[in-house]
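The values are calculated or read from the model by the stated rules, or taken from the named source; none is laboratory data. Values in this document were obtained by computation on a predicted structure and should not be read as measured data. Glycine gets a Cβ as well: all are built from the backbone with ideal geometry, and neighbour counts include every protein chain shown. The area values use the complete protein model at the heavy-atom level, side chains included, leaving out ligands, DNA and RNA. Shrake-Rupley method; radii C 1.70, N 1.55, O 1.52, S 1.80 Å.
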Amino acid sequence: MAASPPVRKARAALVVLVLLLITMGGVLAYGVQQGRAQWAPLLALDLEGGTQMVLSPEAEPGEEIDDEQLNQAVEIIRQRVDGTGVAEAEIAVQGSENIVVNLPGVPDQETRELIQAPADMEFRPVLRAETDPEYLDEMMLDAQREELSEEEFAQLEEELEAQREQDQQQDEEPAEPEDFPEPEGEPEHNSDLNWITPELAAEFANFECSSELSMEQRQAQDPDEPLITCDPTRGEKFLLGPVDVDGEHIEDASWGSEQSPGGTPTGAYEVVVHFDSTGTELFRESSTRLYGYPEGEAQNRFGIVLDGHVIVAPNMRSPITDGNARITGGYTEQEAEQLAEQLRYGSLPISFSIESEQQISATLGADQLRMGLLAGVIGLLLTAGYAVFQYRALALAVTIPSLVVVGVITWWAISLLGWSDGYRLSLAGIAGLILSIGLTADSFVVYFERVKDELREGRSLAGAVEAGWSRARRTILASKAVNVLAAVVLYLVAVGNVRGFAFTLGLTALIDVILVFLFTHPLMQLLARRRFFAAGKSFSGLSARELGVDVLYRGAGRFAHRRMVSAREGEDGARPDRDSAAADRSEELPDIPEEEWAQMTIAERRRAREAATARREQTEDASAEPSSTTPGGDR
């Protein structure tokens, strides 16, 4: 016997849900197997422990700090913190002008100074440039980490380590100043090789790109002296001359499509640096000098230094006399945009003061996590207990399995977001998850009560499920839309951990909609064909006593019994048979077409039935009155 359309739809929805769970679980399992994800969600600072600092900018009097400057400051601070080796730092803008820095553990004084210091950008001529082979090997190793399996990656790492040891054995002793000649004279300009003393040459020869500059070294950099540094993105180390142009003379920087000499687009992007009047004159002198060296030599290049590191070191192809320097190099759109932002806001005249600092111990975070999970378990047990008390076996068959499924989806979704976007679950986020238990149960209450109302109207369980779902669906969607809207507004206007609450609230609202459509309603459609529920057995949650329809008070001291329709009647949600309704005086059905009756609400049906009952009683009263009296009859 072929399954009815509702049963086929229910089975299809459950198959979609199973595929969704398999996909989420499979992706997460792959991430765990690759070592890039974990089954448990990542924990935020308030649960894992660490330090939270709120930074306030200290700009020049009368100077306003805009959003773009703050965003660039966040990137600079993030690069500085990452450079110190601090893992899992969280840096973000809070409100209109503050920056929040969350660090695991307790930062040292050097890290604090590094975070607070303003950024410095400089244009320096290149004296020497070399690649760092060991650093390039490390870069290649990091690039291959995600593409290779654990065994292949371990083998590659061993090969590189063996090659490194072999190179070290073949290398001579570290370079000494005695190995290099003295300068021939005093340097005449910033590109003069006479800046290179034997001590400086030995230091450059021994320099490695993996070396990090301390805060003292950054502050000790003299703009009038040479600088040894590195481009960490290319593994190239530089010996730079004194500063030709300071970053404060950059007026603006833009990016766009690169044009060939003939004016046709090349498909790549370029960055244009705009200098102010002072910077235009300084860069005219610098570019004219650099252009005098043959292209391909190190002295034909200039390095743009940000926070002690070279971000780009292009060749000089022509003197720049108008203050608009074009930087090309086959950049993608994203690379050009990023470089333009670095140049535009790289030299921020902003330092930061620490407005507040909060230490959260790992023990306190563990206590908060334990209490949050305990509160969630208590809320879940109370919700499940109430559901069983109110809906009996219906809760055991639908509500509790639904809560389990929504819990699994939410858990895996948060874990996947932690892997893909670095999302971390905070205590406020746990509060949002606890609240979502009640909001999810609210969907079941709306749905079940709609079904029970339809049963009270005389439908079969199968018909009541379909009719009740058509009405409950609109209510559930409206409710979840309000929840999502509230979560979005709260997320946009809130700061700090409150955003975690808003995020989990909105996420669980969306998951609840998926659950109701793909699990709760399909499960109800299947259970409606089971005799235990369809016949309204005791403890099913749908018996006549549990529905409260064993007697119906009609007024004036009159009662009527309401007949329950069997599971085989009204399978499509139609009204009970009129002949059986006529046999039971409690089923006073008005003469209304079936199509119109199916579109009426429960209240409209009740009013129509009451009107039909009133008309019938008027007819009965009229027929009971004597039509005439006989003369002389008994009085």
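Some observations on this one:
- Filter result for LEU364 (modelled with pLDDT of 85 or more and part of a helix (DSSP H, G or I)): no
- Any hit, the range 328-349, residues being among the hydroxyl-bearing types (Ser, Thr, Tyr), within 25 Å of GLN221 (Cα to Cα) and touching a Gly at 6+ places or on another chain (Cβ under 9 Å): yes
- Among the conditions (1) open to solvent by 50 Å² or more (accessible area, probe 1.4 Å); (2) touching a strand residue (DSSP E or B) at 6+ places or on another chain (Cβ under 8 Å), ILE311 misses just one, which is (1).
- Selection count where residues are aliphatic (A, V, I, L, M) and either in contact (Cβ under 8 Å) with a residue 40 or more places away in the chain or within 19 Å of ARG529 (Cβ to Cβ) (or both), scope the range 459-486: 6
- Cβ pairs under 9 Å, 6+ apart, first in the range 1-30 and among the small types (Gly, Ala, Ser), second part of a helix (DSSP H, G or I) and exposed (fewer than 12 other Cβ atoms within 10 Å of the Cβ): none
- The set of residues in the range 237-253 being open to solvent by less than 20 Å² (accessible area, probe 1.4 Å) and in a strand (DSSP E or B) consists of LYS237, PHE238, LEU239, LEU240, VAL245, ALA253.
- Here ILE437 passes the criteria (1) in contact with a helix residue (DSSP H, G or I) (Cβ under 8 Å, 6 or more places away or on another chain); (2) farther than 19 Å from ILE514 by Cβ except the one numbered (2).
- Beta carbons closer than 9 Å, at least 6 apart along the sequence or on distinct chains, pair a first residue in the range 172-187 that is closer than 19 Å to ARG289 by Cβ with a second that is among the acidic types (Asp, Glu) for PRO183/ASP192; GLY185/ASP192; GLU186/ASP192.
- Candidate set: the range 458-481, residues that are out of contact with any Ser or Thr (no Cβ under 8 Å at 6 or more places or on another chain), of a type in the set (D, E, K, R) and surrounded by fewer than 19 Cβ atoms within 10 Å (Cβ to Cβ); chosen: the one farthest from HIS521 (Cα to Cα): ARG474
- Flag if ARG392 is within 30 Å of ALA92 (Cα to Cα) and surrounded by fewer than 22 Cβ atoms within 10 Å (Cβ to Cβ): no
- Whether a residue is within 30 Å of ASP132 (Cβ to Cβ), among the hydroxyl-bearing types (Ser, Thr, Tyr), open to solvent by 20 Å² or more (accessible area, probe 1.4 Å) and assigned to a strand (DSSP E or B) was assessed, and TYR293 does not pass this test.
- In the range 213-229, residue modelled with the lowest pLDDT [restricted to those that are surrounded by 15 or more Cβ atoms within 10 Å (Cβ to Cβ) and in a loop (DSSP other than H, G, I, E, B)]: LEU213
- If the condition is being in a helix (DSSP H, G or I), in contact (Cβ under 8 Å) with a residue 12 or more places away in the chain and either open to solvent by 40 Å² or more (accessible area, probe 1.4 Å) or not hydrophobic (A, V, I, L, M, F, W, C) (or both), then the range 418-432 contributes GLY418, TRP419, LEU427, GLY429, ALA431, GLY432.
- Residue check for LEU306: touching a strand residue (DSSP E or B) at 6+ places or on another chain (Cβ under 7 Å) and modelled with pLDDT of 90 or more: no
- In the range 41-76, the qualifying residues are those that are surrounded by 12 or more Cβ atoms within 10 Å (Cβ to Cβ) and part of a loop (DSSP other than H, G, I, E, B), and the one that is modelled with the lowest pLDDT is ALA59.
- Residue match in the range 256-267 (condition: assigned to a helix (DSSP H, G or I) and not charged (D, E, K, R)): no
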